[in-house]
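Every number here is computed from the coordinates shown, using simple stated rules; none is lab data. Computed from a prediction, not measured in an experiment: that's the story for all the values here. Using ideal geometry, Cβ is built from the backbone for each residue, glycine included, and neighbour counts are taken over all protein chains shown.
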Amino acid sequence: MSTTKELWVFAEQREGKIAGVVQELLSQGQILADKAGFTLAAVLPSADGAGLCQELYNFGAKKVYTIDDPKLADYQNDYYSRAVAQLINEKKPEIVLYGATTIGRSLAPTVAVMVDAGLTADCTELDFDVEAGNLLQTRPAFGGNIMATIICPDHRPQMSTVRSNVFKKTKLSDREAGEQIPYEVDLSGVPERMRRLESVHEADNNSIDLNAAQFIVSGGRGVGKPENFKVIYDLASELGAAVGASRATVDAGWISHHHQVGQTGKTVCPVIYIACGISGAIQHLAGMQSSDMIIAINKDPDAPIFDIADYGLIGDLHQIVPEFQKQIAAAKAS
Amino acid sequence: MNIVVCIKQVPDSDKVTIDRETNRLNRAGVPSIINPFDENALEMALQLKDLHGGKVIVISMGPSQADEALRTALSHGADEAILVSDRKFGGADTWATSYTLSLAIKKIEGVDLVLFGKQAIDGDTAQVGPGVAHFLDIPMLTYAKAVEVTGDTFKVDKVTEDGYEIWDIDKPAALTVVKEANQLRMPSLKKKMAAKKAEIPCWGVEELQPVEENIGLAGSPTKVSKVFAPPVKLNKEILSGEPSEMIAELIKKLKEQHVL
Ligand SMILES: Cc1cc2nc3c(=O)[nH]c(=O)nc-3n(C[C@H](O)[C@H](O)[C@H](O)COP(=O)(O)OP(=O)(O)OC[C@H]3O[C@@H](n4cnc5c(N)ncnc54)[C@H](O)[C@@H]3O)c2cc1C
Ligand SMILES: Nc1ncnc2c1ncn2[C@@H]1O[C@H](COP(=O)(O)O)[C@@H](O)[C@H]1O
């Protein structure tokens, strides 16, 4: 048996499909594992994991621990936490990374107290201090006013959750080699204390998930009235973007709360975030400032949103946004 | 039905600034508020009480000022408040906080439901709810937006990435509550007066008898090794003029950078 230390990625699956963030975590996990001299592995609880391993190998996992049980088909906190905690206690990985999804953010904190591990939520940067053997986990705090690097010197594993789109995914090939290691967990002793009765997928006029979107077009109070959100939707659909909103517009009832970005809304990290008529209050910035690129459209040259913008367009959004859409459409046509 | 609501007092992040020289938060003079999501947890508890009777008990762990947040909760309609406070609890991360809060909740009899906010806006970790539930050995659902009592279980709507799920969860249960759930009712004048005078017990090490290595800084696996100001954008470009020209310029740049 090899004695190399291991870095694990929790391979979240829903309805038999691996979550996108898992590929990102494996890609970043590979970089960290190389630096630390660890082996990269994935942990896959599901009803039947064999068919999902290849995808995990292709993104760098050398080993996949599959935990198969009909009770693990869909996420259930008691069963999942028991399964993952038992495997951790037995194999003693150095690091475990989870996606900061609704599932990851239930599972990771439960497992953390079960196995006595530290957990850092919503990391935006991960590095490894080779000398000390510590994972350097950097995350925003106090609504994005400050960045903190967290370490966990005396407890193992070191665990983090990471949002979607923070790390780039790198597929190695379509036929990477890896080893499936089936692991048995006896869940018969875990009492059945909660049952999922139904899962409802809500259709929306813009169905692109903000958390996973590559592009986001967001509207603020500057949009003026609910009908005017049309220009935001039009630009978004031209770009294949999701639609975001500031709290001011949500509170005014112009758009549903699903779209709210910010401290009390969603945290997003797209390739491009286009803020239209948003002033840039700190609570809004908290939800979007780690976007790769920020484009701000605002008629007030002193709006704080311009402080964090890569490109600032000063002017009336009612002219600029439709023009933006027109020129994108034209560029696509040519 | 007895419901415990865990509320945290947090600095109003609207008013927090950072000292760019020392990389420390300027917290002096920053007003403290009840963590906004905990208001939703409180309102959910009050609505259940309106329907089914019982008691709503708010509990907060923190320095003695957290007393203020508890009194505010009483003025909105909570029945009882408990402050969990001791110098030895200081420096707790979410692990140690979960452990300490769970000891306090264990001391309260006949609890059917424990509610938390989705996350606290100072740390944004969302870890304390699941942690406490594990220490109490009760089932837990995150991101609850609605709850109904159905005999010995609760029916809970839980928000997911693309909609919601309906769960049936056994009593006693723990839930973390999202903003969409509701809006906290206004405080009443009468309750405000009563809240001012209310006796709020303070539970510390003596009352809770914790395992000492599990509390405070010592009980916290995570340590902050560095804090720094978020990097500022250096190469920003501001465009103004005719919309058509600005956009043409922007699209050209985006293409050069291969993001379009
Ligand atoms: C505890 C707490 C939590 C919060 N959480 C959130 C959160 O999660 N998300 C969030 O967004 N907010 C949040 N807020 C609210 C936040 O403080 C701001 O009030 C809000 O973000 C402002 O929204 P806005 O930028 O759309 O509106 P405003 O601040 O009113 O800004 C509108 C902007 O539009 C510009 N404008 C107007 N007309 C035009 C035009 N024709 N063309 C171009 N520009 C135009 C104006 O110059 C202005 O800059 C929170 C607040 C608190 C206290
Ligand atoms: N010190 C505390 N006292 C009481 N409740 C707390 C405390 N810290 C966290 N909580 C509860 O746990 C939730 C999640 O907090 P956090 O894990 O810090 O994001 C909050 O919304 C509160 O309901």
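Using alpha carbons only, the radius of gyration of chain B set against its Kirkwood radius gives Rg/Rh = 1.08.
The value of relative contact order for chain B, using C-alpha pairs under 8 Å at least six residues apart, is 24 percent. Say the dipole of chain A comes from +1 at the beta carbon of Lys and Arg and -1 at that of Asp and Glu; which of A:113, A:84, A:272 then lies farthest toward its positive end? Positive-most Cα among the choices belongs to A:272.
Take each residue in A:115-125, count the other chain C-beta atoms within 10 Å of its C-beta, and the mean is 4.
Taking the DSSP beta bridges with both ends in the protein assembly as shown, the antiparallel portion is around 35 percent.
Taking the inverse of the mean reciprocal distance over all distinct Cα pairs, the Kirkwood hydrodynamic radius of the range A:142-200 comes to 18.2 Å. Angle of helix A:229-239 to the longest C-alpha principal axis of chain A, folded into 0 to 90 degrees and rounded to 10: 60°. Taking the Cα centre of the range A:210-333 as reference, the dipole from Cβ charges on Lys and Arg (+1) and Asp and Glu (-1) amounts to some 280 debye.
With the convex hull drawn over the C-alpha atoms of the range A:177-265, the volume per residue is 197 Å³.
Explain nothing, just the number: dipole magnitude of the range B:2-214 about its Cα centre with +1 on each Lys and Arg Cβ and -1 on each Asp and Glu Cβ, in debye rounded to the nearest 20. Walk me through the intermediate numbers first.
On the way: 24 positive and 33 negative charges, 168 e Å.
It comes to approximately 800 debye.
Per the Kirkwood formula applied to alpha carbons, the range A:6-182 shows a radius of gyration over Rh ratio, Rg over Rh, of 0.94. Using a simple spin-label model with pseudo-atoms 7 Å out from Cα toward Cβ, residue A:184 and residue A:4 lie 2.8 nm apart. Only beta bridges with both residues in chain A are counted; by DSSP, about 20 percent of them are antiparallel.
Specify which residue in the list A:317, B:5, B:98 is farthest towards the positive end of the charge dipole of the protein assembly as shown, using unit charges on the beta carbon of Lys, Arg (+1) and Asp, Glu (-1), about the Cα centre. Going by the Cα projections, it comes out as A:317. Against the main long axis of the alpha-carbon atoms of chain A, helix A:77-91 sits at an angle near 50°.
About the centre of its Cα atoms, the range A:6-182 shows a dipole size close to 240 debye [charges on the beta carbon of Lys, Arg (+1) and Asp, Glu (-1) only; nearest 20 debye]. For chain A, a Gaussian network of Cα nodes joined below 10 Å ranks A:75, A:183, A:57 by mean-square fluctuation, and the top entry is A:183.
Here's the picture: charge each Lys and Arg Cβ at +1 and each Asp and Glu Cβ at -1 in the protein assembly as shown, and of A:31, A:301, B:85 the one pushed furthest to the positive end of that dipole is A:301. Straight-line reach from residue A:92: taking Cα to Cα under 17 Å and skipping same-chain neighbours fewer than 8 places apart, the aspartates and glutamates in range are A:6, A:116, A:154, A:184. Sequence-distant contacts, meaning Cα pairs under 8 Å at least 6 residues apart, place the relative contact order of chain A at 14 percent.
When every Cα-Cα distance of the protein assembly as shown is counted in 10 angstrom steps from zero, the calculated P(r) takes the values 3, 17, 26, 27, 18, 7, 1, 0 percent. Taking only Cα atoms, what is the 0 to 90° angle, nearest 10, from helix A:317-333's long axis to the longest principal axis of chain A? Between helix and principal axis, roughly 70 degrees.
Taking 20 °C and 1.002 mPa s as conditions, chain A diffuses translationally at an estimated 100 µm²/s according to Stokes-Einstein applied to its Kirkwood radius (Cα pairs).
Here is the link list: A:71/B:107; B:88/B:190; A:5/A:171. Which ones come out longer than 26 Å on Cα distance? Over 26 Å Cα-Cα: A:71/B:107; B:88/B:190. For the Cα trace of the range A:210-333, dividing Rg by the Kirkwood Rh returns an Rg/Rh value of 0.92.
Going through the cross-link list B:171/B:223; B:106/B:145; A:168/B:155, which pairs have a Cα-Cα distance over 31 Å in this structure? In this structure, B:171/B:223; A:168/B:155 lie more than 31 Å apart at Cα.
Straight-line reach only, C-alpha to C-alpha below 13 angstrom: list the aspartates and glutamates that residue B:253 could link to, leaving out same-chain residues fewer than 8 apart. Of all the aspartates and glutamates, those that pass the test against residue B:253 - Cα under 13 Å, at least 8 places apart if same chain - are A:310, B:237, B:245. Relative contact order, whole percent, for the range A:210-333 stands at 25, derived from Cα pairs under 8 Å and 6 or more residues apart.
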